[in-house]
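Structure first, then comments.
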Amino acid sequence: MDLANFLIQLLNSVQYGLLLFMLAAGLTLIFGIMGVVNLAHGSFYMLGAYLAWSLSSLSGSFTVALIGGTALSVMFGLALERLLFRHFYQRDHLDQVLLTFGLIYIFEELRSILWGDDVHGVAIPELLSASIPLTDTLSYPVYRLFISGVCLALALGLYFMISRTRLGMKIRAGAFNRDMTEALGINIKLIHAIVFAMGVALATIAGMVASPISSVYPNMGSQVLIMCFVVVVIGGIGSVRGALISALLVGLVDTFGKVLLPQIAGMLVYMLMAAVLLWKPEGLFKQ
Amino acid sequence: MTTQANLETLPRGLNIALAVGFIALAAFPFASSEFYAQMVARMMILGIFAMSLDLLLGVTGLVSLGHAAFFGIAGYALAFLTPQGEPVSLWWTLPVAVGASAAGAFVIGFFVVRTRGIYFIMVTMAFAQMLYYLFFDNKVLGGSDGIYVNFKPDAHLFDLEDKRVFYYFTLGTLLLVYLFLRRLLWSPFGRSLAGVRVNEHRMRAVGYGTFGYKLAAFTLAGALAGLAGYLWAAQTGFVNPELMGFQMSAHAIMMVILGGMGNFAGAIVGAFAFEWLLHWFKDLPEIGGFNAGKHWQLWMGIFIVLAVTFARRGLLGVLASLGARKERSHD
């Protein structure tokens, strides 16, 4: 593998890893703070992709689709939290598993009724459709850099929000001791609603920015959900930093595995997870 | 995790109802069309599968979201062992297939039972999906299309190709597995598993190596799921990766919850109820241009959400509490 090829694969793995991080961050935050295991998280990713497709074909602009889709996903997240998830924070994991499994079915069918079962493509916005030439024959598409950029910006924003702002302080306090935080006069229900909507929005944005390169198809959420689980298990649940490092690790192993060991590429990520489980059953960065 | 055991000792009324149910199942092929007898045979196979999961879910308190993997392994084992042009003997393929599932459960269990709570849920699901994609992506293993099982296993003493014989073979297996698991539940081993569910730390403190107990339960549950998977492959004559899929695992959990977990009878009742409901949803007619049956997942999804939100002890629990209320009103 020469340098240009190596660089391309490296950029691809970082892009894939960052995308996984967007999803895993929401999953791990929702679990870490509210104690809910959410199997329907992959459905939000699918929702994002379908929103990007339908809004960009309606408005003709990918930017409008991104902004409108994000706003819709926040509203969707708030409504879902208020109607269903709020009542499941104190319940068994088993009940949460079943509830969110039922939701997967509902979301899949609503998708099928609203948008049909066809595979769709989303056009890359013109501004970002160029490629950067690396050698005479190899080049790297700007849009993939854009995905990495968006994810990186959101990751930094998330980090800043949680560790440096007043809201972040309340979120951390709520995760640490829910009753004490509430006793201090902080509206914990509002905090939970915000965190949940944020998790939904992160997954939806991931689905939207990924849609031009992944295309839009039924059941696209389930595969990505499994990868998220692997990321969260390796990183240690509840840890956003762990999710970032483990997502990048999974991105590297998956991308380079496909190039170097194509026969067992599908298994490599799971082997990584098994190895981590033997070494640290609670993940690398358990808090 | 739930610490309360759900109807570990079955009230006499329920035991009588179960016996009547068994007699009804034995008489069923004489009273119904072949189509429904086939359907009931499938329900019984799923009943075995659900009971095997109940050993983990209701008895040991391990929420496995990847149990279908072991159902699928034995099914595939039968598919690989059956030659193109002739049947293969039941008497060695059944132990081999069940053994393959047990081995798979042992290896995966070795990694997963050291985790707990939500990790256990995610890790069991991830390993099952790994197997799913392994079979899905590899043409040698049948790929996404799956493999046909052209002949039912040859039992020499009786002919499983006869649908009625197969029905009674399945019914017998169901009864044996149920009696075995009920016996196991009250054995020292079963009591230890229940102890792990109620308080694992205390079990360790009094000197039980809970890792070994959990691994043994996981392996045994995998083997019994394999038994069900073997029968499924033989009955349908076809295996595909969906047998190991996430849906299959989640459906099994739903069966156990629907019936009421921790006593095995609930798992059977739940499997019958769930399959019947699934059949009913898929059979819904077209209403005003809207194909309600095609969108069965919507109804099933809504049903699951409602069931989880409102009915928490399962059908058997509802029945038992109805009985209890009646007794109380006599006082």
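Quick notes on this structure:
- So B:Ser89, is it in contact with a strand residue (DSSP E or B) (Cβ under 6 Å, 6 or more places away or on another chain) and more than 14 Å from chain A (Cβ to nearest Cβ): yes
- Selection within the range A:258-277 - loosely packed, with under 15 Cβ neighbours inside 10 Å, facing chain B (nearest Cβ under 10 Å) and modelled with pLDDT under 85: A:Gln263, A:Ile264
- A single member of B:Gly99, B:Gly146, B:Gly72 is on the phi > 0 side of the Ramachandran plot and either touching a helix residue (DSSP H, G or I) at 6+ places or on another chain (Cβ under 9 Å) or not hydroxyl-bearing (Ser, Thr, Tyr) (or both), and it is B:Gly146.
- Filtering the range A:229-251 to residues that are in contact with a Phe, Trp or Tyr (Cβ under 9 Å, 6 or more places away or on another chain), more than 12 Å from chain B (Cβ to nearest Cβ) and of a type outside the set (Gly, Ala, Ser) leaves A:Val240, A:Arg241, A:Leu244, A:Ile245, A:Leu248.
- Residue in the range B:82-105 that is closer than 30 Å to B:Trp280 by Cα and of a type in the set (Phe, Trp, Tyr) present: no
- Failed item in (1) without any contact (Cβ under 8 Å) to a residue 24 or more places away in the chain; (2) within 14 Å of chain A (Cβ to nearest Cβ); (3) over 17 Å from A:Ala274 (Cβ atoms), with B:Thr60 passing the rest: (1)
- Residues (among the aliphatic types (A, V, I, L, M) and either surrounded by fewer than 20 Cβ atoms within 10 Å (Cβ to Cβ) or more than 15 Å from the chain's Cα centre (by Cα) (or both)) located in the range A:228-248: A:Ile234, A:Ile245, A:Leu248
- Extreme residue, nearest to A:Ile264 (Cα to Cα), among residues of the range B:128-140 that are out of contact with any His (no Cβ under 9 Å at 6 or more places or on another chain) and buried (at least 16 other Cβ atoms within 10 Å of the Cβ): B:Leu134
- Residue satisfying all of: in the range A:58-90; among the aromatic types (Phe, Trp, Tyr) and away from chain B (no Cβ under 14 Å); surrounded by the most Cβ atoms within 10 Å (Cβ to Cβ) among these: A:Phe62
- So B:Gly146, is it within 30 Å of B:Ala265 (Cα to Cα) and more than 13 Å from chain A (Cβ to nearest Cβ): no
- At least 3 residues being more than 14 Å from chain B (Cβ to nearest Cβ) and farther than 30 Å from B:Val305 by Cα is the threshold, and among the helices (runs of 4 or more DSSP H) wholly inside the range A:91-197 those reaching it are A:142-164, A:166-176, A:178-183.
- Residue that is surrounded by the fewest Cβ atoms within 10 Å (Cβ to Cβ) [pool: residues in the range A:278-287 that are touching a helix residue (DSSP H, G or I) at 6+ places or on another chain (Cβ under 7 Å) and away from chain B (no Cβ under 11 Å)]: A:Leu284
The values are calculated or read from the model by the stated rules, or taken from the named source; none is laboratory data. The shown structure was predicted, so the numbers you read here are calculated from the model rather than taken from an experiment. All Cβ positions, even for glycine, are placed from backbone atoms using ideal geometry, and neighbour counts span all protein chains on display.
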